[in-house]
Amino acid sequence: MKEDSCLHAALICLGMLYYSHAMSTEKLNHLRPSLHGHHEKGKEGQVLHRSKRGWVWNQFFVIEEYTGPDPVLVGKLHSDIDSGDGNIKYILSGEGAGIIFVIDDKSGNIHATKTLDREERAQYILTAQAVDRNTNRPLEPPSEFIVKVQDINDNPPEFLHENYHANVPERSNVGTSVIQVTASDADDPTYGNSAKLVYSILEGQPYFSVEAQTGIIRTALPNMDREAKEEYHVVIQAKDMGGHMGGLSGTTKVTITLTDVNDNPPKFPQSVYQMSISEASIPGEEVGRLKAKDPDIGENGLVTYSIIDGDGVEMFEITTDYETQEGVVKLKKLLDFETKKSYSLKVEAANVHIDPKFISNGPFKDTVTVKVAVEDADEPPIFLAPSYILEVQENAAAGAVVGRVHAKDPDAANNAIRYSIDRHTDLERYFSINLEDGYIKTIKTLDREEIAWHNISVCANEVHKEYQKVKVPVAIKVLDVNDNAPKFASTYEAFICENAQSNQPFITITADDKDDAANGPRFIFSLPPEIVHNPNFTLRDNRDNTVSILVRRGGFSRQKQDLYLLPIVISDGGIPPMSSTNTLTIRVCGCDSNGSLLSCNAEAYILNAGLSTGALIAILACIVILLVIVVLFVTLKRQKKEPLIVFEEEDVRENIITYDDEGGGEEDTEAFDIATLQNPDGINGFIPRKDIKPEYQYMPRPGLRPAPNSVDVDDFINTRIQEADNDPTAPPYDSIQIYGYEGRGSVAGSLSSLESATTDSDLDYDYLQNWGPRFKKLADLYGSKDTFDDDS
């Protein structure tokens, strides 16, 4: 490999030198100026020459990855007008000018100063121009040219993925396509064989092969078995230069997995399985498990089990546990050790999915013998029937026999059986059972209309073995006895028009009977014997357990009678028959000409004859207003306070007690100490006044009230003061207590008029005569005191 690399490098160097020299010579020769003269005649016949552009640009080439000591000569620029005197200056501009490409402004030689990589950039566009060296005046228009980077084989092939994964079915035919791998080469595919790739397999023979041009991997061996080897690792190489010596290469790894096909049948590891189960087991209980092995996986390894033969086909069943791929043998019916002690089964295991391509490998199933032994067990009692249905008549006396249940011990010992009723199913204790023989009797009288069916559970167990208790459902039907009379199915109320025609039906009645159908319909409807010839109504039996009520005569009047009560007798068809009398309420109503009801009220009919609806509303409104006024008057009358003194309207003394100022009450305690206003003389005595209304009523003493016409004002006031002091119910409750005493030692004396009757006063009240008509009565009362004294 090392020798190949050295040789490859030497060839590249020789090629670069040869190519550079040849291309430079060719370019220089090709780019020599081509002078073309254009002749014109002047005015005097002189021939003038106009010089055209003196260069023609073509593509330049430079080889990539050149690493020589000197810059690479790309090409030479030269113009026909350049006479070699150095007056022309060559200028280079464009992509990479001055950095990658430099030009000798005198000779026009272009050199590449850096190593170029075609994979980074394949070409450069440059512009060249010839100008006067002294004035920089362009001598030729600028022209573009292209420098192309020539490719060399410097990039190895690379695969799209470092690792590939593929699947192929096992036992595939030779040449079956597995996967295609693809590599790419960054070199120029249009130049040489640098990018021409060839694929080969380095690892994976002899199982797989690869196509050299396409990279498609195919199977190389037939009948590869997944169960023998499932995974293969293959290494693929891609080499450029058409696979020849000196080419670069790259590799990738491919992991190929063989997928499963159903090419293996299931097999039991043994020919006979032994199992056992107790006779006390219940159906559905597991007996045992067996498994057929299938090396295939997934759906190809799915196995289903079935019982195909044996004397236990009816007693056992087998199901498939798809999680463990096992066959589960289960009990299908109850076993009896005393009847049969063992069973034999033939079980088959078969694949669920079979591939037709491998049918020749079959059959894809296997069989095995399963022997099941029945184990003896102490079994509980067994009832002779799985359930019982008994009958008893309703209203039967307590102790009536309903029926019998019977159980036995299935074991050889044949122990005695004890019976009982599960009281959770007979909470009301309607029934009892004989412990030894299983006879069921009633405890209470039964009513079919209340409960038609009684569902109880009877328990049975062997003597001294309460833990082995079994139950059996017993349904007791209560037979019907005709003990209920029929009656109306609902509450009926009929309406007839005053203008009803005779023999016209106006209502249909339906009856109902709580008894069974045998003791109920057909119902017979009739009128009581005393009114069988009722002049107003008659009955018509519809023979479908309904009756229609008909009008016997026409011309009803609400004013004469607006309500009729019609008794109807209903009899059932039981033995003996039962009957009841039901009353139908019939109202007479006013109807229009079409028979539609208008009103069924007789009073409303009378009022309508004389008053309109508006008048009736007005009358009712007036009555309501009068009632409201009376209620308000009575309420205000009760709330009005009565005066302390009642006199005739002309009595001037009534103004003595009409005060508007009632004092400050308890609120005055915030301004001063109210205790100073208390009468010190009453501290040790009894003060009858209280701040709350007493619970008892004071009865004034008779004989203290003076005659209304008495002129003895002093006696009247004294009497009133004495009554007020002794009456705790007279309001205000605190007025005398607070203001009745002004304090001892007052120079001015008492200002209260309440004490004026017990003290002598020298005041002159004649000035009251000057206060106007409002004080006239008070002036007459106090101004005439002297006159009263003289008269006395």
Out of the total accessible area of the stretch 98-164 (probe 1.4 Å, heavy atoms of protein only), what percent is carbon and sulfur? 46 percent
Kindly rank 69-81, 433-445 from highest to lowest mean number of other beta carbons found within 10 Å of each residue. 69-81, 433-445
For the stretch 242-285, what is the accessible area per residue in Å², given a 1.4 Å probe and the full set of protein chains? 46 Å²
Backbone HN-Hα couplings from phi across the stretch 167-178 [Karplus 6.51/-1.76/1.60, Hz, Gly and Pro as x]: 10, 8, x, 5, 6, 6, 5, 5, x, 5, 5, 9
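May I ask for the net charge around LYS114, where only other residues with Cβ less than 14 Å from the Cβ of LYS114 are counted and Lys, Arg are +1 while Asp, Glu are -1? Display every interim value, and only then the final one.
On the way: positive: ARG118, ARG121; negative: GLU64, GLU65, ASP70, GLU95, ASP117, GLU120.
Taking every Cβ under 14 Å from that of LYS114, the sum is -4.
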Mind pulling the per residue volume of the convex hull built on the Cα atoms of the stretch 437-484? Å³ is fine. 92 Å³
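Which net charge results when you count Lys and Arg as +1 and Asp and Glu as -1 among the other residues whose beta-carbon is under 15 Å from that of LEU550?
Values: positive: ARG540, ARG552, ARG553; negative: ASP541.
Surrounding charge for LEU550 is +2.
Rounded if a/c is under 1.5, else prolate if a/b beats b/c, else oblate: with a ≥ b ≥ c from the C-alpha gyration tensor eigenvalues square-rooted, which is the stretch 393-472?
Prolate, because a/c is 1.5 or more and a/b exceeds b/c.
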What are the residues whose amide H is under 5 Å from the amide H of PHE60, where those residues sit 5 or more places off or on another chain and H is modelled from the backbone? ILE146, VAL147, LYS148
Would you mind getting the Kirkwood hydrodynamic radius of the stretch 335-411 from its Cα pairs, rounded to one decimal in Å? 18.8 Å
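Write down the accessible area per residue of the stretch 375-483 in Å², having rolled a 1.4 Å probe over the full set of protein chains. List each step's numbers first, then the result.
Details: 5870 Å² over 109 residues.
So the stretch 375-483 comes to 54 Å² accessible per residue, rounded to a whole number.
Considering only protein heavy atoms and a probe of 1.4 Å, how much of the accessible area of the stretch 421-541 is carbon and sulfur, as a whole percent? If you can, show how the numbers build up before the last one.
Numbers: 3310 of 6630 Å².
Roughly 50 percent, rounded to a whole number.
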Which order do LEU384, LEU331, LEU92 take when ranked by solvent-accessible area (1.4 Å probe, heavy atoms of all protein chains), largest first? LEU384, LEU92, LEU331
For the stretch 231-239, just list the computed ³J(HN,Hα) in residue order, Karplus coefficients 6.51, -1.76 and 1.60, θ = phi - 60°, integers in Hz, with x standing in for Gly and Pro. 10, 10, 10, 10, 10, 10, 10, 10, 10
Counting only protein heavy atoms and using a 1.4 Å probe, what share of the accessible area of the stretch 215-296 belongs to carbon plus sulfur, as a whole percent? 50 percent
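Starting from 0.36 nm per residue, how many nanometres of slack lie between TYR767 and ALA621 once their C-alpha separation is accounted for? Walk me through the numbers before you get to the answer.
Values: separation 146, 0.36 × 146 = 52.56 nm, distance 5.91 nm.
In short, 46.6 nm is gained.
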Cα centroid of the stretch 397-467 to Cα centroid of the stretch 494-535, whole Å: 48 Å
In order through the stretch 208-225: 3J(HN,Hα) via Karplus (6.51 cos²θ - 1.76 cosθ + 1.60), integer Hz, x for Gly, Pro: 9, 9, 9, 6, 5, 8, 9, x, 7, 8, 10, 6, 10, 10, x, 6, 5, 9
Calculate the spin-label point distance for SER457 paired with THR339, positioning each point 7 Å from the Cα along the beta-carbon direction, and give it in nanometres. 2.5 nm
Using modelled backbone amide H atoms (1.01 Å from N, in-plane), which distant-in-sequence or interchain residues come within less than 5 Å of MET578's amide H? ASP572
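The values are calculated or read from the model by the stated rules, or taken from the named source; none is laboratory data. Nothing here was measured: the structure is a model prediction, and the numbers come from that model. Note that each Cβ is placed from the backbone with ideal geometry, even for glycine, and that neighbours are counted across all protein chains shown. Each accessible area value is taken on the protein alone, full model and side chains, heavy atoms only, with ligands, DNA and RNA left out. Shrake-Rupley method; radii C 1.70, N 1.55, O 1.52, S 1.80 Å.
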